[in-house]
Amino acid sequence: MPDAYLYDAIRLPRARVRRTGGTFAEIPPYELFGHLLVALETRSLSPDSVDDILVGISTTVGEQGGNLARAAALWAGWPDRVPGGVVSRLCCSGLDAIESAAARVAAGYADVIVAGGVESMSRVPMLSDQPAIATDTDLGERTGFVTIGVSADLTAAAHGITRAELDAYAVRSHQRATAAPSSDSVIPVRKGGTVLLDRDEGARADADNDAFAALPALFGDDPAWARVARRLPGSPRPVDGLHTIATAPQLADGASALVVGNRRAEQLLGRPPIAAIAGTAQTAVRSPLLTAPATAARMALDRAGVTVADLHLVEANESFAVTPILLTRELALDERLVNPSGGALAVGHPLGATGGNLIVQALDALTRTGGEHALVTIPAALGLGSAVVLRRLN
């Protein structure tokens, strides 16, 4: 087993993005992540024991450009010697930061790294960096780039997943998120002494199939379908569209931070680890399909020496309803173990922060249930996928 462990894992509540200004809209992203650095110190982490900070960010421009990790450390008053860096792999950025930290501590190049992610979608909207893959017609044609919404519809159609299945899954996500228990791992956000938010926003107790079925599809008439036909001849096209605003991930602001260390860190931190990072994987499939999570999951499970039968929990990011449905089907998972506290369809997907968020959620659930193994997966645009296998330690 690789010598990489988690010693603490916290996150902010996920705050919905609104046109009129969300709950975190007035808080810059360096402060969102810095808030977690302060909280880790309050929870007995000595900044002097930290070798580095790695922060996953999807849209690294504007207030999220430069080196936000270092800026957050300075804002939090951490020692000048603690550096920081940013990892960007679209929606997989947070998991990538955590996996990179695990590799470094396992190799002995560091003992303790704080890793996680942040995304302020209120202040730095998705695609505000104007990436060439999305704006350069020649590059888009050469690579087959389409928006991830079209990818979601294509993936669902290719695997025979119906609009009714997608809607029903979204209803269940809201129901589970509404019933999810509170957690000490979720750090309330205060501004000027006032608590702005202490739990995830967005879950609707009144979500029902009839209301979701009445919503218009978002991507059925997208002109990108012509590019799909050229890149993947013969691929199915759902003429009426499949995914709606209810079965797409909600936009959100958030941050997550995990303390990653090796066995030497136990003496440095004065406490035992809570979980082992048993296996990781980053992979890709032919864009624009969203099937990489299953591929990454199999790779991570194999590297961890764990089978699907050993899993007690799966956190599969709801990057559109198709992705957890397809993962459940491809790995023959018990759907009761997949996203038992709901997911991004109900409470949002703050891109770079999501990898850490899902790990925090997985650890909370394993602790409540006494389970041992959890799988965390995330898909991203351009055919990317990431997975982590956790082993809870007693």
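The values are calculated or read from the model by the stated rules, or taken from the named source; none is laboratory data. The model shown is predicted, which means the values in this text are computed figures rather than measured ones. All Cβ positions, even for glycine, are placed from backbone atoms using ideal geometry, and neighbour counts span all protein chains on display. Ligands, DNA and RNA are excluded from the accessible area calculation, which covers all protein heavy atoms including side chains. Shrake-Rupley method; radii C 1.70, N 1.55, O 1.52, S 1.80 Å.
Observations
- Taking the criterion of being touching a helix residue (DSSP H, G or I) at 6+ places or on another chain (Cβ under 7 Å) and of a type in the set (Gly, Ala, Ser), the residues of segment 74-96 that qualify are 76, 84, 85, 93, 94.
- Pairs meeting the criteria (first residue in segment 247-275 and within 16 Å of residue 95 (Cα to Cα), second residue open to solvent by 10 Å² or more (accessible area, probe 1.4 Å) and of a type in the set (Ser, Thr, Tyr), beta carbons under 7 Å, at least 6 apart or on different chains) are 261/5; 275/5.
- Residue 341 fulfils the conditions (1) over 28 Å from residue 255 (Cβ atoms); (2) hydroxyl-bearing (Ser, Thr, Tyr); (3) in contact (Cβ under 8 Å) with a residue 12 or more places away in the chain except for a single criterion, (1).
- Residue list for segment 183-194, restricted to those being at pLDDT 95 or above and either open to solvent by less than 90 Å² (accessible area, probe 1.4 Å) or over 16 Å from residue 359 (Cβ atoms) (or both): 183, 185, 186, 187, 188, 189
- Within segment 118-155, the residues that satisfy the criterion of being more than 18 Å from residue 382 (Cβ to Cβ) and of a type in the set (Gly, Ala, Ser) are 120, 122.
- Scanning segment 195-211 for residues being among the acidic types (Asp, Glu), closer than 30 Å to residue 43 by Cα and open to solvent by 50 Å² or more (accessible area, probe 1.4 Å) gives a total of 1.
- Residue pairs whose Cβ atoms lie under 8 Å apart, sitting 6 or more positions apart in sequence or on different chains, and linking a residue in segment 19-31 that is open to solvent by 30 Å² or more (accessible area, probe 1.4 Å) to a partner that is in a loop (DSSP other than H, G, I, E, B) and among the polar types (S, T, N, Q), are 21/122.
- Which listed residue, of 62, 94, 144, 66, is at positive phi and crowded, with 16+ Cβ neighbours inside 10 Å: 144
- First in segment 160-184 and closer than 13 Å to residue 202 by Cβ and among the charged types (D, E, K, R), second anywhere and surrounded by 21 or more Cβ atoms within 10 Å (Cβ to Cβ) and modelled with pLDDT of 95 or more, Cβ under 9 Å, 6 or more apart: 176/203; 176/339; 176/341; 176/342; 176/343; 176/346
- Residue that is most open to solvent (accessible area, probe 1.4 Å) [pool: residues in segment 111-141 that are part of a helix (DSSP H, G or I) and closer than 30 Å to residue 32 by Cα]: 135
- Checklist (1) closer than 23 Å to residue 24 by Cα; (2) among the polar types (S, T, N, Q); (3) free of Cβ contacts under 8 Å to residues at least 12 places away in the same chain applied to residue 67, failing item: (3)
- Residue that is surrounded by the most Cβ atoms within 10 Å (Cβ to Cβ), among those in segment 348-394 that are β-branched (Val, Ile, Thr) and closer than 27 Å to residue 29 by Cα: 354
- Restricting segment 307-329 to residues that are of a type in the set (A, V, I, L, M, F, W, C) and touching a Phe, Trp or Tyr at 6+ places or on another chain (Cβ under 9 Å), the residue that is nearest to residue 370 (Cα to Cα) is 325.
- With respect to (1) open to solvent by less than 50 Å² (accessible area, probe 1.4 Å); (2) in contact with a Gly (Cβ under 9 Å, 6 or more places away or on another chain); (3) at pLDDT 95 or above, the lone exception for residue 175 is condition (1).
- Selection status of residue 218, open to solvent by 70 Å² or more (accessible area, probe 1.4 Å), within 30 Å of residue 142 (Cβ to Cβ) and touching a strand residue (DSSP E or B) at 6+ places or on another chain (Cβ under 9 Å): no
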